[in-house]
Amino acid sequence: MRDICSHNSLLSLTKALEKIQQSLPIISGEESIILPHALGRVLSQDCFAPFDLPSFPNSAMDGYAFHSDDITEAAFSLKLVGTSWAGNPYSGEVQRGECIRIFTGAVLPSSLDSVIMQEKIKIVETRIHFPNNIQAKENIRYIGEDVKKSALLLAAAKQLSATDMGLLASAGLYEIKVKRKIRIAFFSTGDELSSIGSQLNAGQIFDSNRYTLMALLTNPCYSVNDLGVMPDDKNTIRNCLISAAKSHDVIISTGGASVGEADFIQEILNEIGQVDFWKLAIKPGKPLAFGQIGNCCFFGLPGNPISVIATFQQIVTPALQQLSGLAVKKTLQLKAMCKSPLFKKAGRQEFQRGILKQIKPGEFEVISAGRQGSNILSASSRANCYIVLSREQENVAINEFVTVEPFSTWI
């Protein structure tokens, strides 16, 4: 792998993403799965409609089906001769001057071409009374108006949504081919880390990063392996990386990527693989290692918990999208009026944690979620967005507009 930046430079997030994406392949391989297991998976081949959708003309609502030639300028009435139920079509003939009761989705007899909604008519014994100004050929779902036979239903590289699942089911497609899952291993490094449930010794803390990564890696496209906590021992970390690289597509570590005496990641990667190491011009999350061990990609994230979250969301997530064969998605950004002062020095792009509120449709306000240290999980737990401050930007005053990235569409 070529050297994508010098060790001493501060690379912008945009440039880092461009260079990572230039180095990444798309994972090859596919598997056949059944539709109930397909939500969120990525199609490996195009899906085509085996028949027209709908496959027969049917009613778009509950009402009465009739022939448009019976329409007159004034009000009129027709004789009711039967009913077409959804799943149980009317089998008789319908003559001029006659109509049938019809329900949503029920087959429209071939001799009829119009449906009136039930709220518009009056029933007097066996006759249906129609008002004036009736429109012909309304409220009908025609053969193939959704999808024509042999037309493309869904293209390869589509990540299946709930709506896609319904579309495939409507076409009777139960077994489909999808991209195989990305095999991901992750671990934490640091003598100070202790697993939950163990006794904390002096100077130790519980390892929160692995639980954060477990959640961030919860995705139907990933097969995830938690390798636990690694001590600050070069041989242990080296052996772990060599072993994991043989059976995984991606390895993610937290800690060990900075310049401390016990931070071995860069040194080990230079020995057993290829590494591009840079200090990113972002906060939180300046130290980050990216490289390869054979055919396995490696991401060495910082050790501070907020830095782990930010670098995973901003760097690892788009990389995994590319590996999955997906088009890399752009994060939704909005403008919001900042209602609390923000403190910042020029030099790095910052992702401060904020609380976003919609004042009315299209208008937003945001406040700081609290202290912005890269070890402060409580502020991130309260937050529902990032306040994105450019590399050159400095302090933000109250009532200035800022760019925000919501964590979800619900705020």
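List of remarks:
- Those residues of region 86-97 which are touching a Gly at 6+ places or on another chain (Cβ under 9 Å) and either surrounded by 19 or more Cβ atoms within 10 Å (Cβ to Cβ) or not polar (S, T, N, Q) (or both), in sequence order: A86, G87, Y90, G92, V94
- The strands (runs of 3 or more DSSP E) located wholly in region 86-139 that include 3 or more residues which are under 9 Å from Y64 (Cβ atoms) occupy 98-102, 114-117.
- Hits in region 333-384 - residues which are closer than 30 Å to I205 by Cα and basic (K, R): K344, R348, R353, R371, R382
- Residues of region 49-65 satisfying the condition of being under 23 Å from R127 (Cα atoms) and out of contact with any Gly (no Cβ under 9 Å at 6 or more places or on another chain): M61, D62, G63, Y64, A65
- No other residue among S381, S368, S374 is modelled with pLDDT of 95 or more and either of a type in the set (S, T, Y) or out of contact with any Phe, Trp or Tyr (no Cβ under 8 Å at 6 or more places or on another chain) (or both) apart from S368.
- Complete set of residues in region 98-139 that are of a type in the set (D, E) and either surrounded by 14 or more Cβ atoms within 10 Å (Cβ to Cβ) or at pLDDT 95 or above (or both): E98, D113, E119, E138
Okay, residues lined up against (1) closer than 30 Å to K246 by Cα; (2) assigned by TED's automatic domain parsing to the domain that holds A16; (3) within 24 Å of the chain's Cα centre (by Cα):
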residue: F312; (1), (2), (3): yes, yes, yes
residue: V328; (1), (2), (3): yes, no, yes
residue: L342; (1), (2), (3): no, no, no
residue: G362; (1), (2), (3): no, no, yes
residue: A369; (1), (2), (3): no, no, no
residue: S378; (1), (2), (3): no, no, no
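Conditions tested, residue by residue: (1) touching a residue at least 12 places away in the same chain (Cβ under 8 Å); (2) surrounded by 19 or more Cβ atoms within 10 Å (Cβ to Cβ).
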site: I355; (1), (2): yes, yes
site: K360; (1), (2): no, no
site: S368; (1), (2): yes, yes
site: R382; (1), (2): yes, no
site: V388; (1), (2): yes, yes
site: V396; (1), (2): yes, yes
site: T403; (1), (2): yes, no
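- Restricting region 234-278 to residues that are modelled with pLDDT of 90 or more and among the hydroxyl-bearing types (S, T, Y), the residue that is surrounded by the most Cβ atoms within 10 Å (Cβ to Cβ): T254
The values are calculated or read from the model by the stated rules, or taken from the named source; none is laboratory data. Please read these numbers as outputs of a predicted model, since none were measured by experiment. Because the Cβ atoms are built from the backbone with ideal geometry, glycine has one as well, and the counts that use them run over all protein chains shown.
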